[in-house]
Amino acid sequence: MRTRILLILFAYYALHQDFWNWNTARPFLFGFVPIGLWYHALYAAGAAALMYFLVRWAWPERLEAWAEKEPEA
Amino acid sequence: MTPTLFVLAYLAIVLYIGIFAFRQSRGQAEDYFLAGRSLGPWVFVLSLFGTHMTAFAILGSSGHAFNFGIVTFGLMASSSAIVVPICLLFIGTRLWAVGKKFGHITPVQIFRDRWECGHIGTLIFFLQAALLVPYIIIGVMGGGTTLSVISGGLIPFWAGGLLVAAVVMSYVFFGGMRGTAWVNAFQTALFLTFGMIAVAVIGNGMGGFSSIAERMLSDAKSAHLLTREKYSPLAFLSYTFNPLSAIAFPHIAIFCMTAKKMTQFKKTVMLYPLCILLIWLPCVLLGVFANQAMEIPALAAKIDLKALTGRPVVADDVMLQLLSHFAPEWLAGMLGAGIMAAVMASDSQILALSTMFTEDIFAFYGARERFGQKAQVATGRLFIVLVTAFAYFTALNVKASIFDLAVQFSFAGFSAMMPLYVGALFWKGSTKWGALASTVWVAGCTIALFFAARGFTLFGLSPVVPMTLGSVFLLWSVSLVTPKPSASTVNRYFSV
């Protein structure tokens, strides 16, 4: 599971480097948002979705119980 | 005049929130500096985000977009949308847990305990404090700029900065973490509400963004602002290292320890990218399209200067200029208050510095035992006054833009300190000597950057990349060959 999560995160990180949109402004979203901007807006929204799944799959469950437990003398 | 009154009324409200929080406090150090580790889920989400979104995000981003175009969003916003929540999920929760279990309030306390060191922790404190001050300065600069532009020059920059610094200092002074968190939550809600309204109103006032975009694209002088053709992909990649600074910022790390329950991080992690999107997209769009606002004399002068010299200009006020010109007075006032909300996020940095000083220096060197907790809180408050005064007088003489000041000093330095957190919290083999080597490296690089030319790169990479990789390498290599902390300490931290 851990490897799969790391691969997904790395793949998503790589998508940030959208060299294919580098030199073009079109197509505009809503007639005025250049593609280099709306791609990254979409990327940020996608990151929220990814975080939703990450919280479900990789939440450090044991950490809270460990923190709440009294430290040994 | 009306917008100024709105902003002044807003300042009065946040001051009241700080005083109200003061009435709720119990006078204990943990209560003042960490709100008794009792912040509820929504205050935690909004406040943590508000703590991270500063004058840099609002004024700095639009100013940078005015000069460099849409690349600004990819450089800082979308990279933060992925990197910051990941850091919060894995490192923030671990900081919360360690703080809760061992009663730590600051990162340096964790480092000292984890690596069994004293003076190395003090060195880390000084480096963190030195890197945080530029960030506080940009808050004062943002406050001065906002009030000066919103009032049409009626309130000069020095007076605006002074007023904002005084208000921030007062509610931090009285309210501590509780006051700061409540004000930040209020501020974030305000700006998230008004950011999109600002885009709609200004777009309408400028005659519609579609025609502006077409005009910009057909003009060779401005077409490049709608693409990234003048920006190197390697420099763009470098910027993804900057958001690593988020978790290493002492104000964010300390804030992670204020949550009542660890589950409160869940909402924050999931909503963080959306909040980034809602704040940065309007700022970048408006910054880019301000290049067509020739009817505003202040912007026309900047556009002409840019065309004449071919160099970027200081443009932190572009969004405010658009707002003052295109929005009706009452709305400009509301939106100005919203902008002021984000600009004033320097409160948490001032409080963090005060917390660090009283815990990592005052208490660590025995003054708490001698003078008691009340004296510690009083010292923290005195420190707040001194830091704010220093930031104010420095801000009056700074010539750099908000974006440059933040990226060159704060972001690069704190990103390079992030490996210390990972080493302390996740790697049993890390040692205090590795931490020392890494800290000295970051300090040396920061001093070198101070003397380097603006926009300095190494093989096309921004300084943040070699600084961070060097920090990782030194922490790792020196730790391998130096003695480890005792087994009991390592077991305490890794018994989870």
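The values are calculated or read from the model by the stated rules, or taken from the named source; none is laboratory data. In this text, all values refer to a predicted model and were calculated from it rather than measured experimentally. Neighbour counts run over all protein chains shown; Cβ positions are idealised from the backbone, glycine included.
Brief remarks on what is shown
- Out of B:Leu277, B:Leu244, sole residue that is at pLDDT 90 or above, within 15 Å of the chain's Cα centre (by Cα) and within 22 Å of A:Ala14 (Cα to Cα): B:Leu244
- In the set (1) in a helix (DSSP H, G or I); (2) farther than 24 Å from B:Ala220 by Cβ; (3) at the interface with chain B (Cβ under 8 Å from one of its Cβ atoms), the condition left unmet by A:Gln17 is number (1).
- Lone unmet requirement of (1) touching a residue at least 24 places away in the same chain (Cβ under 8 Å); (2) more than 10 Å from every other protein chain (Cβ to nearest Cβ); (3) over 27 Å from B:Gly460 (Cβ atoms) for B:Ser218: (1)
- Residues satisfying the stated conditions in the stretch B:123-133, i.e. within 11 Å of B:Phe357 (Cβ to Cβ) and either surrounded by fewer than 17 Cβ atoms within 10 Å (Cβ to Cβ) or not aliphatic (A, V, I, L, M) (or both): B:Phe125, B:Phe126, B:Gln128
- Scoring A:Leu63 on the criteria (1) facing another protein chain (nearest Cβ under 7 Å); (2) more than 25 Å from B:Lys100 (Cα to Cα); (3) in a helix (DSSP H, G or I) leaves a single failure, condition (2).
- Test: B:Ala259 is over 26 Å from B:Ile70 (Cβ atoms), at pLDDT below 85, within 13 Å of another protein chain (Cβ to nearest Cβ) and touching a Phe, Trp or Tyr at 6+ places or on another chain (Cβ under 8 Å): yes
- When B:Leu88 is tested against (1) within 13 Å of another protein chain (Cβ to nearest Cβ); (2) part of a helix (DSSP H, G or I); (3) under 28 Å from B:Tyr365 (Cβ atoms), just one condition goes unmet, and that condition is (3).
- Inclusion of B:Thr106 among residues that are of a type outside the set (A, V, I, L, M), more than 30 Å from B:Thr482 (Cα to Cα) and touching a helix residue (DSSP H, G or I) at 6+ places or on another chain (Cβ under 9 Å) is not warranted.
- Flag if B:Leu469 is more than 24 Å from the chain's Cα centre (by Cα) and not in a loop (DSSP other than H, G, I, E, B): no
- Index of the failed condition, A:Gly31 passing every other in (1) surrounded by fewer than 16 Cβ atoms within 10 Å (Cβ to Cβ); (2) more than 7 Å from chain B (Cβ to nearest Cβ); (3) closer than 29 Å to B:Leu281 by Cα: (2)
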